[in-house]
Amino acid sequence: MNFVGDSPTTTDILGPFYRPGAPMRANLIPADSKGIPMNLNGTIFNETGEKPLNNALIEIWQCDENEHYDNSSDDYSFRGAVKTESNGEYAFKTIVPVPYKANPNNEDSWRPAHIHMRVSVANQQDLITQIYFKGDPYIEKDNWASAPGAVNRILSIDKDAGGESAVRFDVVMSKEYPLDSEVYHKITGLYSMEDKSNIEFIQNDDLLFLKRNGHLLEGLRYVGNNTFEGGTGNPKVTFELLEKDATKAVVNFYGKIINGEKFLKYRE
């Protein structure tokens with residue numbers, strides 16, 4: 001699929017398996033993999049959909065052919081990153097992803113096959129998204145793949161000139177919506193929530209990472225008025241800046257409102 005236009009590529013959830021620091025490499029396939037090789041490539045454009053972007057960092061991650069994510073090893077299996085040159089193009093060699101059960105004990109928790117992607121480049125809003133694949137039987141039951149905003153990210157797997165599986169995914173970025181660094185300093189830290197959980201907010205480039213009870217859940221983008229949103233509009237967090245560096249957070253987790261107050265801030 002070749003998607004070029006003036007509509008930015010839609011966002012998706014970060015998911016719980018993002019690992020910062022993936023190695024810079026285009027080939028993600030381990031030597032012992034029995035998955036079906038697949039070439040993923042495309043072009044990163046600015047918000048107009050016309051200008052290719054130089055020096056954009058593209059990170060991708062996915063499960064292996066056995067439905068497992070590498071969340072801890074030094075191999076960073078099926079995780080990698082590349083940077084674009086002046087033509088804005090990127091390319092990865094990976095495998096055709098497979099569906100997996102998010103909860104091994106729940107038959108209703110199947111997620112369709114997908115690849116996670118994060119794109120970061122100066123003067124554009126960081127993008128967190130996922131791509132899915134046509135014909136996957138689990139798409140229609142998945143809250144994120146079946147969302148209207150995902151329609152242009154459900155792609156065909158074709159064959160390239162060498163006979164290998166190939167997918168093209170062009171990305172249109174969004175204009176960066178900057179937030180003052182002093183505000184980031186005031187809102188980052190650890191919060192005690194009224195449901196007895198702890199939520200940590202960490203600045204990562206122009207995203208705000210949300211960790212709940214130590215687990216990374218989402219990368220939030222700034223949408224104005226001290227408010228951040230996740231990839232599909234959830235969760236949504238609004239901060240209230242009080243006197244003496246006190247800060248409150250109102251977190252909307254898919255309709256459930258949880259209030260909290262920062263009790264640990266980071267040193268300058």
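The values are calculated or read from the model by the stated rules, or taken from the named source; none is laboratory data. It should be emphasised that the depicted structure is a prediction, and the values quoted were computed from it without experimental measurement. In this analysis, Cβ positions are derived from the backbone assuming ideal geometry, glycine residues included, and neighbour counts consider all displayed protein chains. When the accessible area is computed, the model is the full protein with side chains, heavy atoms only, and any ligands, DNA or RNA have been set aside. Shrake-Rupley method; radii C 1.70, N 1.55, O 1.52, S 1.80 Å.
Rounded to the nearest whole Å², what accessible area per residue is found for region 80-178 with the 1.4 Å probe?
On a per-residue basis, region 80-178 sits at 46 Å².
Averaging sequence separations of C-alpha pairs under 8 Å and six or more residues apart, then dividing by the length of the chain, give the relative contact order as a whole percent.
20
Over the alpha carbons of the chain, what is the largest minus smallest coordinate on each principal axis, giving the biggest first in Å?
Its Cα atoms span 63, 46, 37 Å along the three principal axes.
Evaluate E = 1/(1 + (r/R0)^6) for SER7 and LYS244, where r is the Cβ-Cβ distance and R0 equals 51 Å; express this FRET efficiency to the nearest 0.05.
For R0 = 51 Å, the calculated efficiency reads 0.70.
At a 1.4 Å probe radius, carbon and sulfur cover how many percent of the accessible area of region 79-122?
Ligands and nucleic acids excluded, carbon and sulfur give 46 percent.
How large is the dipole of region 1-150 about the Cα centre if only Lys and Arg carry +1 and Asp and Glu carry -1, each at its Cβ, rounded to the nearest 20 debye?
Rounded to the nearest 20 debye, it is 180 debye.
Calculate, for region 181-268, the solvent-accessible area per residue in square angstrom, rolling a 1.4 angstrom probe over the heavy atoms of the protein chains.
Heavy-atom SASA per residue in region 181-268 reads 53 Å².
Tell me, what % of the accessible area of region 125-177 is carbon and sulfur with a 1.4 angstrom probe?
51
Please list log₁₀ I(q)/I(0) at q = 0.19 Å⁻¹ for region 131-231, using the Debye equation with identical point scatterers on the alpha-carbon positions.
Taken in order of the listed q values, log10 I(q)/I(0) reads -1.02.
How many nm separate the modelled label positions at GLU67 and ASN106, each set 7 Å beyond the Cα in the direction of the Cβ?
Here the modelled spin labels are 1.4 nm apart.
Determine the order of HIS68, HIS185 by accessible area, beginning with the largest, at a probe radius of 1.4 Å.
HIS68, HIS185
Cross-link candidates for LYS196: which lysines have Cα within less than 23 Å, leaving aside residues fewer than 8 places away along the same chain?
Partners within reach: LYS186, LYS211, LYS236, LYS248, LYS256, LYS262, LYS265.
Quick one: what do you get for region 79-206 if you divide its Cα Rg by 2.2 N^0.38 Å?
1.33
Loop-only trypsin sites (Lys or Arg not before Pro) in region 134-243, please: DSSP not H, G, I, E or B, and at most 11 other Cβ atoms within 10 Å.
LYS134, LYS196
Given Cβ point charges of +1 (Lys, Arg) and -1 (Asp, Glu) and nothing else, what value in debye, to the nearest 20, does the dipole of region 121-172 about its Cα centre take?
So the magnitude is around 100 debye.
With each label point set 7 Å from Cα along the Cα-Cβ vector, what nm distance links LYS211 and ILE36?
3.8
Using a Förster radius of 30 Å, what is the FRET efficiency between LYS141 and ILE257 based on their Cβ-Cβ separation? Nearest 0.05, please.
0.65
Pull out a ≥ b ≥ c, the square roots of the eigenvalues of the alpha-carbon gyration tensor of region 114-160, then state rounded if a/c is under 1.5, prolate if not and a/b is larger than b/c, and oblate in the remaining case.
oblate
I want to check the label-to-label distance for THR227 and ILE202. Put each point 7 Å from Cα in the C-beta direction and report it in nm to one decimal.
Spacing of the two 7 Å Cα→Cβ label points: 2.7 nm.
Of the DSSP beta bridges with both residues in the chain, give the percent that are antiparallel, rounding to the nearest 5.
85
Given a cut-off of 19 Å, what percent of all Cα-Cα pairs of region 200-268 lie beyond it?
The share of Cα pairs beyond 19 Å in region 200-268 comes to 28 percent.
Post the alpha-carbon centroid distance, region 219-263 to region 21-37, in whole angstrom.
Result: 37 Å between the Cα centres.
Please state the charge dipole magnitude for region 75-191, taken about the Cα centre, from unit charges on C-beta atoms (+1 on K and R, -1 on D and E), reported in debye and rounded to the nearest 20.
The dipole magnitude comes to about 100 debye.
Between GLU182, GLU200, GLU67, which gets the highest mean-square fluctuation from a Gaussian network model of the chain, Cα cutoff 10 Å?
Fluctuation is largest for GLU182.
What is the calculated FRET efficiency for ASP180 to LYS83, with r their C-beta to C-beta distance and R₀ = 45 Å, to the nearest 0.05?
Between ASP180 and LYS83 the formula returns 0.95.
Taking the Cα atoms of region 88-138, report the difference between the largest and smallest coordinate on each principal axis, in whole Å and largest first.
If we take the Cα atoms of region 88-138, the spans are 43, 21, 16 Å.
Mind jotting down a quarter of the surface of the convex hull over the alpha carbons of region 32-117, in square nanometres, one decimal?
Over all viewing directions, region 32-117 projects a mean Cα-hull area of 7.2 nm².
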